[in-house]
Amino acid sequence: MAELRRHLVVMARAPRLGTVKRRLARDIGDLAALHFYRRHTAALLGELACDPRWTAWLAVTPDAAARDPRGLWRFDGPVLAQGRGDLGRRMGHILAALPPGPAVIVGSDIPGITRRRVWRAFRALGAHDWVFGPAEDGGYWLVGARRRPALRLPFDGVRWSTPDAFADTLANLPDGKVAFVERLGDVDSGADFRRLYAAASSRTGR
């Protein structure tokens, strides 16, 4: 039997002023937050979409942006609508909409996501039903599912956007074979933003 194709999904919000990185925008302003989000997501798509080991998908909200992708990023792969509901419902919708094969979903605004880290997650799905990349704020930047046998989603009752989101999700998988990859941090404050660019400047010698 031929090996099933792997699927990598980048979840993103259509880059509109005042609608993205709202916590960061409170510190650096809506326009700066939008520019950061656009640049970072474009770089992430460029990093991940070219890898032949998986098919890259872009899943966007609001759904209208998937139907009319003008104003989104340059991306040659398929574009999905995330659907309605909280984050768990939207991730469940994505997992159900994809063709057969192991699937990994990542957020679009986490520095440190690389092809190497994504590939590590796909490799973990060879022996596990689920894989997670924890985030420093108590959520997670990556979730992956082998999707066979039948998928039982672990997203009910999760307190999204709180320090309990990751723990709540794991509590819904008491009997599952779960693997983990590296913990990464988000950029949600002006201090995070300054640290990120200070680190980038030191690497380039500026």
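Values in this text are rule-based calculations from the coordinates and carry no lab data. Quick caveat, the model's predicted, so the values are computed rather than measured. Cβ placement follows ideal geometry from the backbone for every residue including glycine, while neighbour counts extend to all protein chains displayed.
Restricting attention to the stretch 44-75, which residues are part of a helix (DSSP H, G or I) and within 26 Å of residue 102 (Cβ to Cβ)?
The answer is 44, 45, 46, 47, 48, 63, 66.
Pick out the one residue from 5, 23, 39, 16 that is in contact (Cβ under 8 Å) with a residue 60 or more places away in the chain and out of contact with any Pro (no Cβ under 8 Å at 6 or more places or on another chain).
After ruling out the rest, the residue left standing is 23.
Can you pull out the residues in the stretch 36-64 that are surrounded by 21 or more Cβ atoms within 10 Å (Cβ to Cβ) and of a type in the set (D, E, K, R)?
none
Looking at residue 83, is it at positive phi and either of a type in the set (S, T, N, Q) or in contact with a His (Cβ under 6 Å, 6 or more places away or on another chain) (or both)?
yes
Filter the stretch 16-35 down to residues that are over 23 Å from residue 195 (Cβ atoms) and within 19 Å of the chain's Cα centre (by Cα) and give me whichever is surrounded by the fewest Cβ atoms within 10 Å (Cβ to Cβ).
Among those that are over 23 Å from residue 195 (Cβ atoms) and within 19 Å of the chain's Cα centre (by Cα), it is 16.
When you look at residue 41, is it within 16 Å of residue 72 (Cα to Cα) and in a helix (DSSP H, G or I), yes or no?
yes
Got at least one residue in the stretch 175-194 being among the polar types (S, T, N, Q), under 15 Å from the mean Cα position of the chain (by Cα) and under 24 Å from residue 38 (Cβ atoms)?
No, the conditions are met nowhere in the stretch 175-194.
Check whether at least one residue in the stretch 103-115 is without any contact (Cβ under 8 Å) to a residue 24 or more places away in the chain and of a type in the set (D, E, K, R), and report yes or no.
Among the residues of the stretch 103-115, not one is without any contact (Cβ under 8 Å) to a residue 24 or more places away in the chain and of a type in the set (D, E, K, R), which makes the answer no.
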